[in-house]
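Everything below concerns the one structure shown next.
The values are calculated or read from the model by the stated rules, or taken from the named source; none is laboratory data. These figures come from a predicted structure and were not determined experimentally. Here the Cβ positions follow ideal geometry from the backbone for every residue, glycine too, while neighbour counts run over all protein chains shown.
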Amino acid sequence: MAYNFDTLKIRAGYNPLEHNNAVSVPIYQTAAYELGSTQRADALFAFESEDPLYTRISNPTVQVLENRVAALHGVDYAVAVASGMAAISYTLLSIATGEGRILTSPRLYGGAADGFPSILEELGVKYDMIDDPDDPKEFERNIQADTKAIYIETISNPLATIPDFEAIAAIAHRHGIPLIVDNTAATPYLFNPFEHGADIVIYSATKALSGHGNVIAGLVLEKGGFPFDAHKFPSLDKKLWFLRDKDDNSRSILDVFPEAPITGKIRAVHLNYLGAALSPFDAYLILLGVETLSERVAKQVSSAQRIVQYLDNNEHVARVHYPHAKDSRYKALAERYLPKGAGGILSFEFIGTEKEKRKFIESVKIFGYQANIGDARSLIVNPAQTTHIELTPEQREAIGLTLNTIRLSIGLEDPGDLIEDLEQAFQNVFG
Ligand code: PLP
């Protein structure tokens, strides 16, 4: 029987009978594992068994997390890593390192956008950012012979825009390249990118997936079965001695992981040699968070809607950035792709001087002033000067981010109290 999302988020990937009947997923706090026999060691070192061998590559607690989050998406392949940034950089490196370019949108988390010029280019991953991600044809016009993937975010941070996934996926697939979606802001509760054309999905599990602001983590999921062409993706086809078979023949990533070479490569190569492994304790914290994912996100969405309404009618606010805000151009895309709601992150354009904006941020009493999203606590931030500080004034202008943009991440407090908190802060500034 195929279980529904809310059953899977509590149960998938774990059988207490296989873990000393422990009801709560045990934290396997161990670096290595007994190899047992030399024959078993041969199989483990040849990636022929999923049993753990060394926690940098896999761990039973981390495996439950990987299998559970994969089940929430209806796919079989996932790999957890130590941060959302590790998930992004390992994914892009696995596809394009030394040989290609990534086509992306300027509406990316600041760290991801700046990762290209600051480090990925030096590692041979070139990139192109299209000007207008609202026009899917822009992606088509900018695909080059060495473009290896399209990479976008579901609900962009901080301006809560939504791309036309199916149109963009169709373009990627026409050109034989995968679509990578960072689904951090939506979470699998609001959106399953695999059902709309994505081939690879990335999370910063630091955010709403874990949901309590107490962990740094990332995940990469793969649909499986993407027709990676060996000529177009030569690094996946390169023979590697450490992947050799029993007869000492070197094998490639595509030989060893033919169904899911990206998650396979991240585990066998990136975790193995670059090493940003997730700790079992952090995996345990994320598993606890996932148990209440639907309940938390549903409340955040409903509170966000109320706060959007309040801000939409506020004389000190020029504009609210949220798909269901007044005058939003993303309403139709939100209704099509996000029928359960457009998430708990919204931004607004504050009307006032720099001094007044700073006073407003310092006047809120419930909202925390923090560079994070998706927490159980509500958060406020001025992105241009904090989370998105990497963006140049030109890049900011290109995506519509201003010095007066204020971002809110709505938590689980009483929404009436949150509105009153914003109201008293406006009054403190403007009287
Ligand atoms: N992706 C998105 C959409 C983010 O907002 C962030 C961080 O804010 C990241 C990735 C990076 O995740 P982490 O902070 O876990 O490295």
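Elements of the type helices (runs of 4 or more DSSP H) sitting completely within the range 82-151 and holding at least 3 residues that are aliphatic (A, V, I, L, M), within 14 Å of the ligand (Cβ to nearest atom) and under 30 Å from Asn214 (Cβ atoms): these cover 84-96.
Right, Asp114: within 21 Å of Gln395 (Cα to Cα) and surrounded by fewer than 22 Cβ atoms within 10 Å (Cβ to Cβ) or not? The answer is yes for Asp114.
From the list Gly368, Gly343, Gly352, Gly374, exactly one residue is touching a strand residue (DSSP E or B) at 6+ places or on another chain (Cβ under 6 Å) and either among the small types (Gly, Ala, Ser) or modelled with pLDDT under 95 (or both). Which is it?
On the way: Gly343 fails: touching a strand residue (DSSP E or B) at 6+ places or on another chain (Cβ under 6 Å); Gly352 fails: touching a strand residue (DSSP E or B) at 6+ places or on another chain (Cβ under 6 Å); Gly374 fails: touching a strand residue (DSSP E or B) at 6+ places or on another chain (Cβ under 6 Å).
Criteria check complete, one pass: Gly368.
Pick from the range 193-229 the residues that are within 16 Å of the ligand (Cβ to nearest atom), of a type outside the set (A, V, I, L, M) and in contact with a strand residue (DSSP E or B) (Cβ under 7 Å, 6 or more places away or on another chain): which of them is farthest from Ala276 (Cα to Cα)? Per the criteria, the residue is Pro193. Residues in the range 272-290 that are buried (at least 18 other Cβ atoms within 10 Å of the Cβ) and part of a helix (DSSP H, G or I): Pro280, Asp282, Ala283, Tyr284, Leu285, Ile286, Leu287, Gly289, Val290. Residues that are crowded, with 24+ Cβ neighbours inside 10 Å, of a type outside the set (A, V, I, L, M, F, W, C) and either assigned by TED's automatic domain parsing to the domain that holds Leu333 or in a loop (DSSP other than H, G, I, E, B) (or both) within the range 186-206 comprise Asp199, Thr206, listed in sequence order. Any chance the range 45-58 includes a residue that's more than 16 Å from the ligand (Cβ to nearest atom) and in a strand (DSSP E or B)? Scanning the range 45-58 turns up at least one residue that is more than 16 Å from the ligand (Cβ to nearest atom) and in a strand (DSSP E or B). For first residues located in the range 147-159 and under 15 Å from His321 (Cβ atoms), partners that are hydroxyl-bearing (Ser, Thr, Tyr) and away from the ligand (no atom under 11 Å from the Cβ) and lie 6+ apart or on another chain with Cβ distances below 7 Å form the pairs Pro158/Ser347; Pro158/Thr405; Leu159/Ser347. From the list Thr97, Thr61, Thr55, the one residue that fits, being closer than 15 Å to Phe281 by Cα, over 17 Å from the mean Cα position of the chain (by Cα) and surrounded by fewer than 22 Cβ atoms within 10 Å (Cβ to Cβ), is Thr55. Going by what's in this entry, would Lys232 be described as charged (D, E, K, R) and within 16 Å of the ligand (Cβ to nearest atom)? So Lys232 fails the test.
From the list Leu391, Leu418, Leu412, Leu401, pick out the single residue that is of a type in the set (A, V, I, L, M, F, W, C) and either outside any loop (DSSP other than H, G, I, E, B) or exposed (fewer than 13 other Cβ atoms within 10 Å of the Cβ) (or both).
Numbers: Leu391 fails: either outside any loop (DSSP other than H, G, I, E, B) or exposed (fewer than 13 other Cβ atoms within 10 Å of the Cβ) (or both); Leu412 fails: either outside any loop (DSSP other than H, G, I, E, B) or exposed (fewer than 13 other Cβ atoms within 10 Å of the Cβ) (or both); Leu401 fails: either outside any loop (DSSP other than H, G, I, E, B) or exposed (fewer than 13 other Cβ atoms within 10 Å of the Cβ) (or both).
Answer to the selection: Leu418.
Of the residues that sit in the range 214-261 and are in a helix (DSSP H, G or I) and out of contact with any helix residue (DSSP H, G or I) (no Cβ under 6 Å at 6 or more places or on another chain), which one is nearest to Ala78 (Cα to Cα)? Quick ask: steps written out before the conclusion?
Narrowing the range 214-261 to residues in a helix (DSSP H, G or I): 234-237, 241-243, 253-256, 261.
Imposing the further condition that a residue be out of contact with any helix residue (DSSP H, G or I) (no Cβ under 6 Å at 6 or more places or on another chain) reduces the set to 234-235, 241-242, 255.
On the way: Pro234: 23, Ser235: 20, Trp241: 24, Phe242: 22, Asp255: 18 Å.
Only one residue fits best here, namely Asp255.
For Ala169, the criteria (1) assigned to a loop (DSSP other than H, G, I, E, B); (2) under 20 Å from the mean Cα position of the chain (by Cα); (3) of a type in the set (Gly, Ala, Ser) hold in every case but one, which is (1).
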